[in-house]
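Inspection log for the structure reproduced underneath, given as structure tokens.
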Amino acid sequence: MTSLNDILEKAREKHELSKDEIEFLLQTDGEKLFKTADEIRKEYVGDEVHLRGLVEFSNICKSTCKYCGLRAPNKKIERYRLTPDEIINFANEGVMLGYKTLVLQSGEDMYYERDLLCSIISEIKKNDIALTLSIGERSEEDYEAFRTAGADRYLLRIETTDRNLYKKLHPNMDFENRLACLKNIKSLGYETGTGCLVGLPGQTMSSLADDILFFKSLNADMVGIGPFIPHPDTPLKGMFNPDNFERALKVMAVTRLVLPDINIPATTAMETVNPNGRIIALKSGANVVMPNILTSEYKKKYEIYPNKICINEHSGKCRNCIEAKINSIGRFISTTKGFRKPV
Ligand code: SAM
Ligand code: SF4
Ligand code: FES
């Protein structure tokens with residue numbers, strides 16, 4: 001019988017694991033796994049931590065994902081949509097705070113049609129920064145136009161590769177279309193980010209292992225993994241599972257074993273369920289943090305799950321706070337744009 005040490009050694013040498021081996025790792029005490037993921041992170045991407053400044057520019061969404069507070073049927077949430085000038089001003093603030101990557105994120109809000117978004121992208125790209133989009137499923141033509149306008153990266157989590165679970169959680173969406181979007185994004189030359197939610201009701205270890213194998217088969221450049229946090233105004237309210245943090249950390253660490261050179265964020269959701277969650281994640285395989293650069297007014301309203309961190313903190317304060325935390329563990333903030341393969 002193969003032991004934990006054998007599996008970790010195999011991962012170190014080959015960065016390939018079978019589904020059984022991944023499931024074994026997900027179900028075993030995490031201590032050695034986290035240590036190995038941290039060592040592989042150090043070997044492949046070093047001690048620098050890339051900061052990505054997040055601009056959540058609209059909380060309006062046409063989708064109905066059952067886990068998310070922004071879902072269209074949630075009538076309790078106060079909606080907002082930033083003007084192009086407001087988006088550009090927040091982006092400029094991010095540039096002044098020293099961010100080398102900015103991330104534009106929103107619900108699936110079709111108000112921002114192709115040309116409008118392209119003009120925002122090209123204006124922001126006048127700065128010497130990398131730009132990431134995280135705005136959901138769009139047409140191939142849109143993805144192509146955004147890329148031509150200057151967007152460098154795209155984040156689209158698969159959320160779960162379990163097709164049945166996907167269907168239950170996304171009544172108005174199509175798994176095959178999500179896959180097609182990811183393939184389009186990749187083929188257009190974006191650095192491609194995906195990821196999953198961990199601890200969804202009905203999710204199994206087997207499906208989490210499939211998620212990791214999917215990240216590997218896509219050769220994702222970025223993988224964001226977060227614990228599912230129930231929102232009270234969604235159909236999944238009250239389904240909190242305290243094991244989700246540890247489980248998400250394990251999925252993240254195994255992802256580092258099989259994709260050693262990619263960018264992996266210590267997600268905000270991890271810090272929401274554990275007060276030291278991002279630092280723990282940075283010591284278990286992660287090398288990216290994504291602080292928010294909006295004002296409190298908007299941060300409060302972008303409530304995908306409750307009790308989000310830093311709601312009342314000014315963007316400058318978060319920038320300094322996270323730098324101090326990162327320095328306290330002997331790591332440092334990168335001064336580069338932090339592409340997977342530096343350009
Ligand atoms: N609308 C875009 C999309 O879905 O790709 C981007 C914004 S969406 C709010 C970003 C991510 O939030 C999703 O990919 C999902 O994994 C995460 N998310 C949504 N609801 C969540 C919850 N209740 N707990 C943890 N993460 C959640
Ligand atoms: Fe909309 Fe994204 Fe939330 Fe789904 S996860 S409801 S697409 S904002
Ligand atoms: Fe926002 Fe620490 S990162 S206050």
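The values are calculated or read from the model by the stated rules, or taken from the named source; none is laboratory data. Bear in mind that the values here come from a model prediction, so they are computed numbers and not experimental data. Cβ: placed from backbone, ideal geometry, glycine included. Neighbour counts: every protein chain shown. When the accessible area is computed, the model is the full protein with side chains, heavy atoms only, and any ligands, DNA or RNA have been set aside. Shrake-Rupley method; radii C 1.70, N 1.55, O 1.52, S 1.80 Å.
When the residues of the stretch 92-120 are filtered to those that are without any contact (Cβ under 8 Å) to a residue 40 or more places away in the chain and open to solvent by less than 10 Å² (accessible area, probe 1.4 Å), the one that is nearest to ligand 1 (Cβ to nearest atom) is Leu117. Considered as a group, the residues in the stretch 301-337 that are within 16 Å of ligand 2 (Cβ to nearest atom) and part of a loop (DSSP other than H, G, I, E, B) include one that is most open to solvent (accessible area, probe 1.4 Å), and that residue is Glu303. Scanning the stretch 184-216 for residues that are without any contact (Cβ under 8 Å) to a residue 40 or more places away in the chain and either basic (Lys, Arg) or within 16 Å of ligand 3 (Cβ to nearest atom) (or both) yields one hit, Lys186.
Taking the stretch 242-296 as the region of interest, the helices (runs of 4 or more DSSP H) fully inside it that hold 1 or more residues being under 18 Å from Ser328 (Cα atoms) are 268-273, 277-282. When both residues are 6+ apart or on different chains and their Cβ atoms are under 8 Å apart, which pairs have a first residue that lies in the stretch 156-170 and is in contact (Cβ under 8 Å) with a residue 60 or more places away in the chain, and a second that is part of a loop (DSSP other than H, G, I, E, B) and more than 14 Å from ligand 2 (Cβ to nearest atom)? What qualifies is Lys168/Gly202. Among the residues examined, Gly224 qualifies as at pLDDT 95 or above, away from ligand 3 (no atom under 16 Å from the Cβ) and crowded, with 24+ Cβ neighbours inside 10 Å. Within the stretch 301-323, residues that are within 16 Å of ligand 1 (Cβ to nearest atom) sit with their Cβ atoms under 6 Å from residues that are basic (Lys, Arg), at 6+ positions apart or across chains, in these pairs: Ile311/Lys299; Ile311/Lys300. Across the stretch 285-300, the qualifying residues are those that are open to solvent by less than 10 Å² (accessible area, probe 1.4 Å) and either away from ligand 2 (no atom under 16 Å from the Cβ) or within 14 Å of the chain's Cα centre (by Cα) (or both), and the one among them that is nearest to Asn92 (Cα to Cα) is Ile293.
Could you list all residues from the stretch 145-179 that are of a type in the set (A, V, I, L, M), closer than 30 Å to Ile129 by Cβ and away from ligand 1 (no atom under 13 Å from the Cβ)? Spell out how you get there, then give the answer.
So in the stretch 145-179, the residues of a type in the set (A, V, I, L, M) come out as 145, 149, 151, 155-156, 158, 165, 169, 173, 179.
Narrowing the set further to residues that are closer than 30 Å to Ile129 by Cβ leaves 145, 149, 151, 155-156, 158, 179.
Ala145, Ala149, Ala151, Leu179, listed by residue number.
Any idea how many residues of the stretch 121-179 are open to solvent by 20 Å² or more (accessible area, probe 1.4 Å) and under 27 Å from Lys100 (Cβ atoms)? Residues in the stretch 121-179 being open to solvent by 20 Å² or more (accessible area, probe 1.4 Å) and under 27 Å from Lys100 (Cβ atoms): 15 in total.
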